[in-house]
Amino acid sequence: MMKKNILYLSVIMLILSQVAARAADSYGDYPTYDEMFAEIYKLEKENPDWVEIGEYGQSVQDRPLVYVHIMKPGGENLPEAMIAANIHGNEWIGNRLAIAVAHRLVENRESDPWIASLLDKMQFYVLPCLNPDGYYKTWERRNDIDADWKESRKNAHGVDINRNFPLPGARTVNISMAGSDDPDSERYTGPHPYSEPESAAIRDFVAAHNIFASIDIHSNWGTFFPPKCNGSACEKRFKKMMKAASDKQPHSKYPTVAQWQVDSFSGEMEDELFYSYGVMAVCWEVFPMKFAAEQKKRLKHSFWGGNPENIAYWVENDRDAVLAALEAALNITGGKPVPEKYRKVKLH
Ligand SMILES: [Zn+2]
């Protein structure tokens, strides 16, 4: 009996030590860079008629910039929707959400009539990791709770890719959130717009396609941020799009923060996609800050200040909401670029 107890105890100790080793050497259920890519290539391999993976460029450190194209066979002329994530290298929940949307579309294309109807109306480009060097850098810092966290947000040149797009109009608010020309800032704009291969590749990708709407996924505000609009008529269209999204959120309904009078251009992707290409582009912030703060305190690593421990819960909250937003944008635009009158920048 004694021996048996010791055996049990040693087995339990072994399991506990393995759990501890994994916890210290990982970010819980979040995949490594290689595991993340293996996941999307598996999706392509298992669904060759529906999924095609392609490269639209390379990062500073020559990592591939990858899109996952999901299209009904013969759907080449359908309007094109985009779901992009992880432009900030340490915001891995965005990557999880984007890939979950891809799984949802591919795996439920026959079993769920709503998904089937979406695939009848549009094709999808999922860009799950706009900043692969940042993803990799984040992984390397998994054991370093004192690491300079702001560096993991940026690309390998130390530029915030989401402050590296051209400004459609003047920067009217001079706060660090709107971008900084200080290379030490976590929101360093870079030497000039499109100085970075990652942002230039997004420009070239969008220019080569007919994207009518884009969801650019971030964390941790639990909020929808449309582009800075030129007036209330423009803003109304975005509010309608985002109402469709929050109606689909079962756990936490995000507010839409849009105040065209006080918002400022800041070199963010959604402003450039909207003004230059007429894309109904929205910044989508998963995971409200109040939860993030508690989690970061408990788990003692900055990673957990931006990424929920319970991935499934937040994917469930936001996955169908992303698709509902794109469906609403399709209804609003007919799959065509937003008319100029909504995106003409007032000079005075
Ligand atoms: Zn972000």
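Every number in this text was worked out from the coordinates using simple rules, so none of it is lab data. On a predicted model such as this, the values are computed, not experimentally measured, just so you know. Every residue, glycine among them, receives a Cβ derived from its backbone with ideal geometry; neighbour counts consider all protein chains shown.
In the chain, the DSSP-assigned H stretches of four residues or longer account for a calculated mean residue ellipticity at 222 nm of -13500 deg cm²/dmol, using -39500 (n - 2.57) per stretch and the full residue count as denominator.
For region 190-287, the square roots of the Cα gyration tensor eigenvalues, ordered a ≥ b ≥ c, give a/c of at least 1.5 with a/b greater than b/c, which places it in the prolate category. What residue among Ser117, Ser264, Ser180 has the largest mean-square fluctuation in a Gaussian network model of the chain, using Cα springs under 10 Å? It is Ser117.
What is the Cα centroid distance between region 226-302 and region 52-89, reported in whole angstrom? Taking the Cα centre of each part, region 226-302 and region 52-89 sit 21 Å apart. By the beta carbon rule, with partners counted only under 4.7 Å, the chain holds these lone Cys residues: Cys129, Cys283. Output the relative contact order of the chain, whole-number percent, from Cα pairs under 8 angstrom with separation of 6+ residues. The value is 19 percent.
Of Tyr30, Tyr56, how do they rank once you tally other Cβ atoms within 10 Å and put the fewest first? It would help to have the intermediate numbers written out before the result.
Details: Tyr30 21, Tyr56 18.
Ordered by Cβ neighbours within 10 Å, fewest first: Tyr56, Tyr30.
Beta bridges assigned by DSSP with both partners in the chain are antiparallel in approximately 40 percent of cases.
List Ser26, Ser214 from most exposed to least, where exposure is judged by having the fewest other Cβ atoms within 10 Å. Provide the component values of the computation, followed by the final result.
On the way: Ser26 14, Ser214 27.
Least crowded to most crowded, the residues run Ser26, Ser214.
Annotation: lysines with alpha-carbon distance below 18 angstrom to Lys150 (same-chain offsets under eight excluded): Lys137, Lys296, Lys297, Lys300.
Note on region 316-335 and region 126-147: Cα centroid distance 28 Å, given to the nearest whole angstrom. By the rule of a C-alpha distance below 25 Å, with chain neighbours fewer than 8 residues away ignored, the lysines paired with Lys45 are Lys72, Lys121.
If we count other beta carbons within 10 Å of each Cβ, what is the order of Trp50, Trp92, fewest first? All intermediate terms of the calculation are to be shown ahead of the outcome.
Values: Trp50 19, Trp92 26.
Ascending number of Cβ neighbours within 10 Å: Trp50, Trp92.
Evaluated at q = 0.12, 0.24 Å⁻¹, the base-10 log of the normalised Debye intensity for region 243-348, with identical point scatterers placed on the Cα atoms, takes the values -0.55, -1.30.
Measuring nothing but alpha carbons in region 31-342 and taking Rh as the Kirkwood radius, the Rg to Rh ratio lands at 0.93.
First measure r as the distance between the Cβ atoms of Ile145 and Trp114, then evaluate 1/(1 + (r/R0)^6) with R0 = 41 Å and state the FRET efficiency to the nearest 0.05. Please report the intermediate quantities before stating the final value.
Details: r = 43 Å, r/R0 = 1.04.
Approximately 0.45, to the nearest 0.05.
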